[in-house]
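Below: the structure, in C-alpha cells.
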Amino acid sequence: MDSLPTSNITSSSAIWQQVSDWATNRYRKRTFNKDERIPARPGLLYIVEQGVIRLGGVSQDDRNKGKKASEGIETFLGFVSAGQPFEIVTQSPYTLEAYAHVEKTSVIWLYWQDLDNWHDFRWEVLEAFRAQHQRKLIWLSTFGQRQTIDRLLGFITLLVEEHGKPHPKGYVLPFSLTHAQIASAIGSTRVTITRLMGKLRQQGRIMIIEESLIGLPTSPHPVTSGEE
C-alpha cells in the first residue's frame, strides 16, 4: 500500500535519546491515560514519544456558551502518532484540544527556542511539520468530494495509509475510532456512517478486525459511487 509523505523525528536515535533525557530532567515529559486531556496551550511545541494523540475541536460559539467537548460537540480533527510533533493553533474557529487516544501515551513539550540545543533535531521537527502540511492538502481534497460514501472511504484510506499496521488481510488501524468521531470529521451523522460502513464492508472495500479496528483489505473490490 502506498503511504502518504511522512517524516518521523525519532529517526535519529542518538539525538532523540538526548531530547528525551533532557525533557525528563526538566519535568517536560508526562504519560497520560486513555482519553485523558493533554494540557496543551499555544506557543509550545509538543512531541509524542509513545502512544497516539487525538486532536479535537470545539467551536468558539459552543465554548462561549459553556459547552464542553465531553458533551458530544467535539469535532474529530485527526491523530498524531509516536515520533510526530503537534502544536495548538491560536487563530482558529475551533478551540483545539488534545487527548491521549490510547493508554500510556507519553508527550514531551518544549519552547521553540529549546530546539537551538539540537540543530539536526530542529531540522527533523520542521520536516515533520512540512510532511503534515502535505497531508492536510490531501485531506482537503478528500473532504471536497460530494458523495458521503466517497468522503468516508477517502477518510479511512488516508488514516490507514498514515497510521495503519500490516495485517494478514491488508492494513489495519491499531486503535479504535467511533462512528460518531468519523461523522464529525467528514460532516455527516453517526447513523449515516454506520450504514455506509456496512455497505463498504459488504463490498469488500474495508474490513473490521476484532469488531472495532478498521482496515483496508489488500485486494479490495470496486465500489459503486452515487451513494448519499
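The values are calculated or read from the model by the stated rules, or taken from the named source; none is laboratory data. All figures in this text were calculated on a predicted structure; none of them were measured in a lab. When we count neighbours, we look across all protein chains shown, and the Cβ atoms used for this are built from the backbone with ideal geometry, even at glycine.
Here are the numbers:
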{"quantity": "Residue match in region 89-112 (condition: in contact with a Gly (Cβ under 7 Å, 6 or more places away or on another chain), at pLDDT 90 or above, assigned to a loop (DSSP other than H, G, I, E, B) and loosely packed, with under 12 Cβ neighbours inside 10 Å)", "calculated": "yes"}
{"quantity": "Residues that are within 14 Å of Ile149 (Cβ to Cβ), in contact (Cβ under 8 Å) with a residue 24 or more places away in the chain and among the small types (Gly, Ala, Ser), drawn from region 170-212", "calculated": "Gly187, Ser188"}
{"quantity": "Test result for Ile138, touching a helix residue (DSSP H, G or I) at 6+ places or on another chain (Cβ under 6 Å) and farther than 23 Å from Glu49 by Cβ", "calculated": "no"}
{"quantity": "Residue within region 119-126 that is among the basic types (Lys, Arg), surrounded by fewer than 19 Cβ atoms within 10 Å (Cβ to Cβ), closer than 27 Å to Val58 by Cβ and assigned by TED's automatic domain parsing to the domain that holds Leu55 present", "calculated": "no"}
{"quantity": "Filter pass, Ile149 being under 13 Å from the mean Cα position of the chain (by Cα) and surrounded by 20 or more Cβ atoms within 10 Å (Cβ to Cβ)", "calculated": "no"}
{"quantity": "Single unsatisfied condition, Leu213 versus (1) buried (at least 18 other Cβ atoms within 10 Å of the Cβ); (2) outside the structural domain of Glu49 (by TED's automatic domain parsing); (3) within 18 Å of Ser81 (Cβ to Cβ)", "calculated": "(1)"}
{"quantity": "Residue list for region 60-88, filter: touching a Lys or Arg at 6+ places or on another chain (Cβ under 7 Å) and either exposed (fewer than 12 other Cβ atoms within 10 Å of the Cβ) or modelled with pLDDT under 85 (or both)", "calculated": "Ile73"}
{"quantity": "Top-ranked residue of region 152-184 - restricted to ones that are hydrophobic (A, V, I, L, M, F, W, C) and in a loop (DSSP other than H, G, I, E, B), ranked as farthest from Ser81 (Cα to Cα)", "calculated": "Leu177"}
{"quantity": "Region 24-59, residues that are farther than 17 Å from Ala100 by Cβ, at pLDDT 95 or above and in contact with a Lys or Arg (Cβ under 8 Å, 6 or more places away or on another chain)", "calculated": "none"}
{"quantity": "Positions within region 93-113 being without any contact (Cβ under 8 Å) to a residue 60 or more places away in the chain and closer than 25 Å to Val58 by Cβ, in sequence order", "calculated": "Pro93, Tyr94, Thr95, Leu96"}
{"quantity": "Residue, nearest to Gly83 (Cα to Cα), within region 119-146, restricted to residues that are within 20 Å of the chain's Cα centre (by Cα) and among the polar types (S, T, N, Q)", "calculated": "Gln132"}
{"quantity": "Close pairs (7 angstrom Cβ cut-off, 6 or more residues apart or separate chains): more than 16 Å from Ile88 (Cα to Cα) in region 114-132, of a type in the set (A, V, I, L, M) and part of a helix (DSSP H, G or I) anywhere", "calculated": "Leu115/Val125; Trp118/Ile15; Trp118/Val19; Asp120/Ile15; Phe121/Ile15; Phe121/Val19; Phe121/Leu115; Arg122/Leu115"}
